[in-house]
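Report on the following structure.
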Amino acid sequence: MKIFATILLILIPFSVFAEKTLVVATAADPGHLNPGITTGYNVHVFADSIYSGLIMLNKNLQPEPDLAESWTISDDAKTFTFNIRKDAKWHDGHSVTSEDVKYTFENVLFKYHSRTKSGLGKKVKSILTPNPKKVIFQLNNSYSPMITRLNVTEAPILPKHIFSSGNPNDHSANLNPIGSGPFIFKKYKKGESVELLKNKNFYIKGLPYFDKLVMRIIPDSVSQLLALQSGEVDYIDRVPGAELKRLQNNPSIALARNTAGPGGGNCIVTITYNLDKNKTSNLAVRKALAHAIDRDRIVKQVLFGLGRVASAPINKGIAWAHEYNSLKEYDFSPQKAEDILDQAGYKRKSDGIRMTLDIVHFPRFSKYIEAMKQDLSKVGINLVSRALDRSAAVSTIFEKRDFDLNLISYCNGADPDIGVKRMYVSTNIGNIPFSNGAAYRNLKIDSLFDDAGQIADNNLRAKKYKQIQNILANDLPYWWLVERQFLTAHNSNVSGFRSWSGNFALNAK
Amino acid sequence: MIARIIQIPITLVIILCITFFLIHAAPGDPVASLAGDFVTKEYRDLIIKHYELDKPLTIQALIYFKNIFTGDFGTSYYFKDSVLNVIGNRIIPTLLLVIPSIVISSFLGIYLGYLSARSSTVLSRISIPVTSIIVTSIPTFWLGYLLILFFSIKLNIFPIQGISNPRHSLEGLYYYVDIIFHLFLPLLTMIISQLAQVILLLRQKLIYEISLPYFRTAQSKGLSYRKAIINHSLQNAILPVITVAGNRFSFLITGSILTETVFSWPGLGRLMIQAIEVRDYPLVLGILFILSVIVMVLNLLTDLVYTLIDPRITFKSDG
């Protein structure tokens, strides 16, 4: 027994150090590993390394080959043809075919993936599979953003031969996924970790470099950082801005700033005005608030410099559509705010307060609220905050519409048609979380968005989007505070992370 | 005694009923957390129909109770696995943390409480209770971070988080040794935060017992001060500690959440909070059921142990 133990003691270290393991820390438990039935960040941060999409997005959010090795777009942007790689295989050995793509879209994504369902569901006329390695999307109208919505986060491809038996929501493969991506599922220990192994037959030769990818669930951000510092963990996906200064001086830790992640990109923290309520329905009040809030201070003190003041309703990251000067007239000027409110008839009463407004928000945005409270009380507006957990907030804002103001981070995505349109079109009013919370109704805006979505040429689309932004700047249904950047941190021995995308560990070494 | 045992299932049903309606009354529903972002009306309808959330509340309650009687606790919306499986996974880590911490803090607390009562000098008599009050005022999570900073970062002895080593999957003996290594710091945190209560409790009761006449009698029989305490008063003083230990067990099954969060320990406390946040009704009710059973069984056991230890106390029927 003793001899056996000593031999084991000597052998085990050798066998274990032979394989390279990357350990990643993330805060939330995924619950399950099917990225096709949810857009939740907690699932995608794990599952996007197991599955693949037709394309993947590079740093500039431009498409690169993933499952599809090449593609052609018709001139009218109505027909998209993809050639699937010959050597693309599922982790159980079956070949990835066009049937899988067709099945995934029609039976999974268009039913359960909320962003793809609402964005592409009605646009796709049919999906053709002329041969096992060729798939053709035929659209009802021109839609050039189509291709940016086909990465693993928006449109992961699921294996038909596994999921076609049963309901995707309850399928056992949700806890035992068979994907086609760089890593193969090994084990999911609930509340603890997900273990993935290198896919040796991955179609991009030479990748991934790591033999094993372990994703650790560490709910507390301070514990995550401590783990990174001690080397127990190699990569953290969300680092609080407050740690920036301290980590910058640490040579063993490398930081990266991104405007996108597996949960969405090009995000703007936005105040929604409830246009159906008394005070916020008054344009003067909305304009006054815009002048009263010091957004530079928010970038400095709340974001710790990780971001910038929003200069337009569309994020600067979508450069071709961004109307740079649209919000220029709303400079930070408490004096202007006071004048506007005086003229609108909201004079200061004996206690110095003009009006009281309430704001609903998720607890993690409380720092923004504190800054806003200070700014607004200077001009005589008493801001009352209601921090609610996610479910309650969503129900209060979108179902009951019981708020004057709310604070949400709306992510635009790679194209304005993905994450911008939903906030402003009148068809999106109602119990639809993260949509048109202001209940903004403007038929001109509706038709401009529709037009812009159907034109093929980005230059022509840009004209429409710029027109939209100028109208929005006049009507001010929302107030766009700041564009956020996300901070990721990793062990400086490791590099090559694609932190802006779902399959962030693809090139890591 | 029989009455007590019958009380258990009746109380369980009442508790589950109340919780069922309470959690459904909370604003929000599971759809938002299941769907992620941008839920459309059709998607919401689909999910609600799938989980039978559109039926009237009383019908849902009846369906739930009918299933409970057949032992079917339902499937967790979030984890897509049977509720019993999900809870089962987390029970062992929780027990690993809770049971040793209660046992160790009880014994250690009794010893320290005894030390502080028997000491001859005033300084040594008050130093222990004063230190315990100071230590117990430290918030648990801060204590956890302090221990991590000292033992893991500075001394590099113990791992920082989780229950097992993420890099290497260990088998057999190494696996268990690894778990013990990971257990050390969270356990230490739990012990320190519970210690004060035991120390102060024991000390108070012990001082009271010492003031009773029988103590003087014992001393006049020839027993030394210390011997008299150990042979006689200590046994009486331990009784409240036992009650409190049983009480603490019920609390800590889910109450250890702070420690669990700091150390990423996969316990029931974190699971409960998570389940409530995402409105995972079957899971919440399942955890509550297990919790209620534990609390009630434990109360019964504590009373039983009491009657065994203290001959003055017997099971009297309600009269």
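The residues on offer are A:P240, A:P208, and the sole one that is surrounded by fewer than 18 Cβ atoms within 10 Å (Cβ to Cβ), touching a Phe, Trp or Tyr at 6+ places or on another chain (Cβ under 9 Å) and not small (G, A, S) is A:P240.
Check B:G144 against each of (1) more than 23 Å from the chain's Cα centre (by Cα); (2) within 14 Å of chain A (Cβ to nearest Cβ); (3) in a helix (DSSP H, G or I); (4) not β-branched (V, I, T) and name the one condition it does not meet. Status for B:G144: all satisfied but (1). Within region A:416-435, how many residues are closer than 18 Å to A:A312 by Cα and either of a type in the set (G, A, S) or in a helix (DSSP H, G or I) (or both)? So the answer is 8. Filtered by the rule that a residue be hydrophobic (A, V, I, L, M, F, W, C) and either part of a loop (DSSP other than H, G, I, E, B) or crowded, with 22+ Cβ neighbours inside 10 Å (or both), region A:436-447 gives A:A438, A:A439. Suppose we filter B:Y43, B:Y51, B:Y77 for residues that are within 14 Å of another protein chain (Cβ to nearest Cβ), among the aromatic types (F, W, Y) and in contact with a Pro (Cβ under 6 Å, 6 or more places away or on another chain); which single one remains? None of the others qualify; the one that does is B:Y77. Being at pLDDT below 80, crowded, with 18+ Cβ neighbours inside 10 Å and among the hydrophobic types (A, V, I, L, M, F, W, C): is that true of B:A237 here? When the stated conditions are applied, B:A237 does not pass them. Taken together, A:Q224, A:Q229 contain a single residue that is assigned to a helix (DSSP H, G or I), within 13 Å of chain B (Cβ to nearest Cβ) and either in contact with a Cys (Cβ under 8 Å, 6 or more places away or on another chain) or touching a residue at least 40 places away in the same chain (Cβ under 8 Å) (or both), which is A:Q224. Summed over region B:258-293, the residues that are of a type in the set (S, T, Y), surrounded by fewer than 23 Cβ atoms within 10 Å (Cβ to Cβ) and more than 9 Å from chain A (Cβ to nearest Cβ) give a count of 1. Being modelled with pLDDT of 80 or more and either over 21 Å from the mean Cα position of the chain (by Cα) or hydrophobic (A, V, I, L, M, F, W, C) (or both) is not true of B:L173. Candidates A:L128, A:L150: the one that is more than 22 Å from A:C411 (Cα to Cα) and of a type outside the set (D, E) is A:L128.
Residues are listed down the side, and each one gets a yes or a no for (1) more than 30 Å from A:R422 (Cβ to Cβ); (2) of a type in the set (K, R); (3) buried (at least 23 other Cβ atoms within 10 Å of the Cβ):
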{"residue": "A:V108", "(1), (2), (3)": "no, no, yes"}
{"residue": "A:K111", "(1), (2), (3)": "no, yes, no"}
{"residue": "A:G121", "(1), (2), (3)": "no, no, no"}
{"residue": "A:I127", "(1), (2), (3)": "no, no, no"}
{"residue": "A:N131", "(1), (2), (3)": "yes, no, no"}
{"residue": "A:S144", "(1), (2), (3)": "no, no, no"}
{"residue": "A:F163", "(1), (2), (3)": "no, no, no"}
{"residue": "A:D170", "(1), (2), (3)": "no, no, no"}
{"residue": "A:G179", "(1), (2), (3)": "no, no, yes"}
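Restricting attention to region A:166-219, the residues that are without any contact (Cβ under 8 Å) to a residue 40 or more places away in the chain, assigned to a strand (DSSP E or B) and more than 10 Å from chain B (Cβ to nearest Cβ) add up to 2. As an exercise: evaluate A:L150 against (1) buried (at least 19 other Cβ atoms within 10 Å of the Cβ); (2) free of Cβ contacts under 8 Å to residues at least 40 places away in the same chain and give the number of the one condition it does not meet. With respect to (1) buried (at least 19 other Cβ atoms within 10 Å of the Cβ); (2) free of Cβ contacts under 8 Å to residues at least 40 places away in the same chain, A:L150 is out only on (2).
The values are calculated or read from the model by the stated rules, or taken from the named source; none is laboratory data. All figures in this text were calculated on a predicted structure; none of them were measured in a lab. Heads up, the Cβs are rebuilt from the backbone with ideal geometry, glycines too, and the neighbour counts pull from every protein chain shown.
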